[in-house]
Each structure stands twice: as structure tokens, then as C-alpha cells.
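The values are calculated or read from the model by the stated rules, or taken from the named source; none is laboratory data. Model, not experiment: these values are computed from the prediction. When we count neighbours, we look across all protein chains shown, and the Cβ atoms used for this are built from the backbone with ideal geometry, even at glycine. Note: areas computed on protein heavy atoms with side chains; ligands, DNA, RNA excluded. Shrake-Rupley method; radii C 1.70, N 1.55, O 1.52, S 1.80 Å.
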Amino acid sequence: MSSLDFQFICMTDDPKGLDESIVNLPIPMSGLDAFPKTDGAWPKLCLFHPELTEMLEITLFLDIDTVLTGNIDPFFDDPGETLRMLSCGPRWRHFDPSFEPQGATGVFTYRPSFQTNIFDAFRKDPEAAYSNNVIEQGFVAAHARKKDYYPLEWIQSFKYHLRRQYLMDIFVPPLKPAPETLMVAFHGFPRPNFVADKTSRWARFPRCGLHRPKWLIEYWDKYKDR
């Protein structure tokens, strides 16, 4: 999925079970009175902690429910002082660049040394951050000094772009990712393991989830134990 030499890093307070090739880093908490609340993925703000500037250079962050479907080398292009993000909202849902981009933190590329102001702003007043933003990605996008967005075709949404419409899903499985797609985001429900698990239904009423995408089942069978 990548021809580049990269290091896989997991920041966690529980490294048990991680592959020995994965570098484990503790979640940086210096300067915080409490761990950021978990609703809305606020702990992601620790990715902008000043302590990381000495450990990380060009960094690609992926939500755990992201499935790689192509060569992700372009995501490692040096962003310089810019935070490169997935663009959510109507622009992504409709694959229409005429809509205003809305920053999303499911996938982003950055150099931590240029983005510490995001954490600093949160550290000064977490309660204001919570009050003024439904989820953390709005806060991140608002406080990034510079930001831009990946090309729309690089990342498809399973819910928006691949899952079939209501009633059609009774007869046919979800679509395959487009050839130019490099990642598929399973944001919210269903998670990719639900869809790939042949022993359970993966959709919620009124959708049926009778048919599973063959491409995802093959992917999951190949990589789930790696």
C-alpha cells in the first residue's frame, strides 16, 4: 500500500497486543488537568501536543476504521506548515468541489512542529472548546494556521458513496471503490469489521444489509490477523 519507508506509531495507554514492529508512545498529557472527553474524539487533540515535535516529522494520521485500497504514497507529501485534511460535509457527500470544504480529522497529514498552537488553544480553555464545537474536528480546522484538503477522489465514504440506496440494497451488494480511490472511510456505523463479518447483519433498519461487498470480505480475511 506504500512504497515509502515509514514507521507505524500507536499512541495508547494500553499497548498490550500490539505487533512488535509498532512503536508505542504514551498519550501526551502535560499541561492538561484531565484527559479530553471521549465524545467526538476530543483525545485526538493530543496529536498536536508540543512534546511530539521532537519525535515526529511528516505524520499521516488515520482513523482506525479506514480501509486502504490503493497506494497511499501521495498522503505523505510534505505538507510544510499546512494541515492537510479530509473535507467532510456536502462537498464530500456529493463529491462536488463547489461546496465549501469542512475540515475532518478522520485522515490528515501534518508536521507536528507547525501545529502545536491547536493544542495550546485547547489547553487554555477546554470548556470553551467543548461549548463552541460539537466535535473536535471543528476546533482543529478553526485553529489550524494553514490548511488544505486532499483531492476528493482519494477518499470515498462507505456510507455516502458505496452503500446502496434504500430498497436497492435488498438485491445488490455495496459498490466497489472507484479505481482512483486510495482509502475508504467507515465513519460512524457500520464499522468495516461489521460489514465483513459473515455471521451477522451489518445494517440498521430500514436498510437490510443482506449482501456483503466481496472486495471487503477478501480484504478483511487477508489483513485481519496482521
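Out of curiosity, is P90 buried (at least 20 other Cβ atoms within 10 Å of the Cβ) and either in contact with a strand residue (DSSP E or B) (Cβ under 8 Å, 6 or more places away or on another chain) or over 13 Å from T109 (Cβ atoms) (or both)?
Spelling it out, it is not the case that P90 is buried (at least 20 other Cβ atoms within 10 Å of the Cβ) and either in contact with a strand residue (DSSP E or B) (Cβ under 8 Å, 6 or more places away or on another chain) or over 13 Å from T109 (Cβ atoms) (or both).
Scanning for something of a type in the set (D, E) and modelled with pLDDT under 90, does the stretch 6-16 turn up at least one residue?
Yes, the stretch 6-16 contains a residue that is of a type in the set (D, E) and modelled with pLDDT under 90.
Could you please give the count of residues in the stretch 97-125 that are touching a Pro at 6+ places or on another chain (Cβ under 7 Å) and either of a type in the set (V, I, T) or open to solvent by 30 Å² or more (accessible area, probe 1.4 Å) (or both)?
Counting residues in the stretch 97-125 that are touching a Pro at 6+ places or on another chain (Cβ under 7 Å) and either of a type in the set (V, I, T) or open to solvent by 30 Å² or more (accessible area, probe 1.4 Å) (or both) gives 4.
So is L32 free of Cβ contacts under 8 Å to residues at least 60 places away in the same chain, over 18 Å from the mean Cα position of the chain (by Cα) and more than 30 Å from L175 (Cβ to Cβ) or not?
no
Please determine whether any residue of the stretch 7-19 is under 30 Å from A178 (Cβ atoms) and in contact (Cβ under 8 Å) with a residue 24 or more places away in the chain.
Yes, because at least one residue in the stretch 7-19 is under 30 Å from A178 (Cβ atoms) and in contact (Cβ under 8 Å) with a residue 24 or more places away in the chain.
Is the stretch 140-156 home to any residue that is farther than 22 Å from G188 by Cβ, polar (S, T, N, Q) and at pLDDT 95 or above?
no
So T109 passes all but one of these: (1) part of a helix (DSSP H, G or I); (2) in contact with a Ser or Thr (Cβ under 9 Å, 6 or more places away or on another chain); (3) among the hydroxyl-bearing types (S, T, Y). Which condition number does it fail?
Every listed condition holds for T109 apart from (1).
Out of L56, L86, L52, which single residue is touching a residue at least 40 places away in the same chain (Cβ under 8 Å) and touching a Gly at 6+ places or on another chain (Cβ under 6 Å)?
It is L86.
Only one of F171, F186 is in contact with a Phe, Trp or Tyr (Cβ under 6 Å, 6 or more places away or on another chain), at negative phi and modelled with pLDDT of 90 or more; which?
Unique residue meeting the criteria: F186.
At pLDDT 90 or above, closer than 22 Å to P192 by Cα and of a type in the set (D, E, K, R): which single residue out of D63, D78 fits that description?
Matching residue, one of D63, D78: D63.
So which of M55, M85 is touching a strand residue (DSSP E or B) at 6+ places or on another chain (Cβ under 8 Å), open to solvent by 60 Å² or more (accessible area, probe 1.4 Å), among the aliphatic types (A, V, I, L, M) and at negative phi?
Result of the check over M55, M85: M55.
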